[in-house]
Amino acid sequence: MSKELVVKTNRLNQAFQTLSLSEFHIVQLAIVDARHTGTGLSTDTPLRIDALRYAEVFGTTRQNAYQRMKEAEDSLFNRRFSFFDEDGKLVKSRWIQQVKYLDDEGAIELVFTLAVVQGISKIDGIKEFFTQYLLSQTAQLNSTYSARLYELLIQWKAIGKTPVFELATFREQLGIGVNEYKRMDHFKTRVLDLAISEISEKTDIEATYQQHKKGRSISGFSFSFKQKKSKTKSLENQTISGNLDLFSKKMTDSQRHLFSNKLSELPEMSKYSQGTESYPQFAVRIAEMLKDSEKLKEFAPMLEKVGYR
């Protein structure tokens, strides 16, 4: 599961949404599997999700996984979300338009709506910006608020801090209803504090928040976070197997462009990304860096990982 990336456009990531944890997991698996299998998402081709797959990722039994999936799809079919398009216009959409239960196979097939498909498939567009994280980082989170907050934070991983999230917008992005946690002390203790604690304990980042006021009232929150130190040596410090002479030679132009695209999707390369650049933009910069013999050696462990021999 270490290579399974959840990737979607920032516009979809910032959407106002209300999802249960099981529904959230269904969307995550759909994103990962569509990319992993190479089938992609389509508005007319069903995507299959197996209970065994769900069970392995989220640590439960196959029977329980299928039950969760069925319950999640029953409600997800009626869920709506909203977002602002490139023209600043509010768009409302459902998540899925069709679902089929395969009881004898322990699986479901679903078809997403156009807004969701575009919010995931457009990550390859040069003008789109994306949010990505490893599925394993949120698999152990027990709260949907924790999972959603992690997504909102990790969008800013390049700088380790967020802008101020305006309170009303932030509540909608977390999926909190207008009548839920109306008192600020309840919102902070039952949502924010618990989510921050769980994220810091179970994911790859440690986070804190700061409240902001207008007059006497809290108007929003900003967050700072940092990557935890790895328990094992980083790939950069591991011994490079094979012939070191390979990495002292210059790559051909075709090799640079081929492997820069592969490198751009590795989580280990995220520290080299700038802001919220798209995959193609990142790949172009990597291709330029690969002209440098020192960078070529620095990237050697990752290059071996993606098949450069």
For this session: For F187, state whether it is buried (at least 19 other Cβ atoms within 10 Å of the Cβ), closer than 28 Å to K8 by Cα and over 20 Å from the mean Cα position of the chain (by Cα).
Result: yes
Exercise. Looking at this structure, is N10 touching a Ser or Thr at 6+ places or on another chain (Cβ under 6 Å) and of a type outside the set (V, I, T)?
Worked result: yes
Exercise. Got a number for residues in region 9-23 being assigned to a helix (DSSP H, G or I), out of contact with any strand residue (DSSP E or B) (no Cβ under 7 Å at 6 or more places or on another chain) and buried (at least 20 other Cβ atoms within 10 Å of the Cβ)?
Worked result: 2
Exercise. Restricting region 54-105 to residues that are among the small types (G, A, S) and touching a residue at least 12 places away in the same chain (Cβ under 8 Å), which is nearest to Q17 (Cα to Cα)?
Worked result: S82
Problem set entry | Close pairs from region 264-277: first in the same structural domain as E4 (by TED's automatic domain parsing) and polar (S, T, N, Q), partner surrounded by fewer than 17 Cβ atoms within 10 Å (Cβ to Cβ) and at pLDDT below 75, Cβ under 9 Å, at least 6 apart | none
Exercise. Is it true that some residue in region 24-35 is assigned to a loop (DSSP other than H, G, I, E, B), of a type in the set (G, A, S) and either in contact (Cβ under 8 Å) with a residue 24 or more places away in the chain or touching a helix residue (DSSP H, G or I) at 6+ places or on another chain (Cβ under 7 Å) (or both)?
Worked result: no
Exercise. Counting only residues that are surrounded by fewer than 20 Cβ atoms within 10 Å (Cβ to Cβ) and small (G, A, S), which one in region 38-92 is farthest from L110 (Cα to Cα)?
Worked result: G88
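The values are calculated or read from the model by the stated rules, or taken from the named source; none is laboratory data. All values derive from a computational prediction rather than experimental measurement. So basically every Cβ, Gly included, is an ideal-geometry build from the backbone, and we count neighbours across all protein chains shown.
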